[in-house]
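Reviewing the structure listed below.
Please treat every number below as a calculation from the coordinates, not as lab data. In this text the structure is predicted, and so the values were computed from the model without any measurement. As a convention, Cβ positions derive from the backbone with ideal geometry for all residues, glycine included, and neighbour counts pool all protein chains shown.
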Amino acid sequence: MARIPSAALPLRLHRLSHWTSPWWFSSAGAGDQGGRFDLPTPHGTWDPGVTSIDGQWHVSFVASPSQEPFDFHPSLASTAADAWTSGLTAVAEATSLHQCEGPLLVNVDDVPYLLASDKDHQCYPIFDLTGRRLGRLDAPYPTNIPHPQMVPDPAGGWWLLTFDDTQFAEDVMGYGGHGDVVLMHSGA
């Protein structure tokens, strides 16, 4: 992360989470269930992220063609509509990755990127907004599938906020607590 320069946050950056169920943003079988919208994939979806760049909405999400065996990968969609939930078209799916989630949109030096977390290769792949893989983030990979939330530090460098898969009360809550918060900092 030391090689990533400081940058101002975009004017609009939205991070969404699950509302009523893990499949709230699913395109598969969304039907008339209020509050849902269609993503341009027939697969189950989760972890949406949204940002607007020059009047174009960009939506990152995980698409999962299978849960048995696990197969999920980062995906991108976009629209020029006023509402980011309208008229989404598919841009890219990283189908060569099979346990990759936590896609987040980040702006570095006025250039937007998609970051994700790849469990199989224990790294954070970086993509441009056409879905072309550019490389990977040079940062520790704690455990499981830690999502790479990057925030510029006004004093210099970057904060990377993620988690470590330490389960809390798993016998009560089940799997999915994602663990303790891990905060890392790059060089200035």
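Please arrange Tyr141, Tyr124 by counting, for each residue, the other beta carbons lying within 10 Å of its beta carbon, fewest first.
So the ranking, lowest neighbour count to highest, is Tyr141, Tyr124.
Count neighbours as other Cβ atoms within 10 Å of each site's Cβ, and list the trypsin sites (Lys or Arg not before Pro) in the range 92-134 that are DSSP loop with at most 14 such neighbours.
Answer by residue number: Arg132.
State the extension gain, in nm to one decimal, for the chain segment bounded by Ser86 and Leu134, taking 0.36 nm per residue of separation less the distance between their alpha-carbons.
Length gained, Ser86 through Leu134: 14.4 nm.
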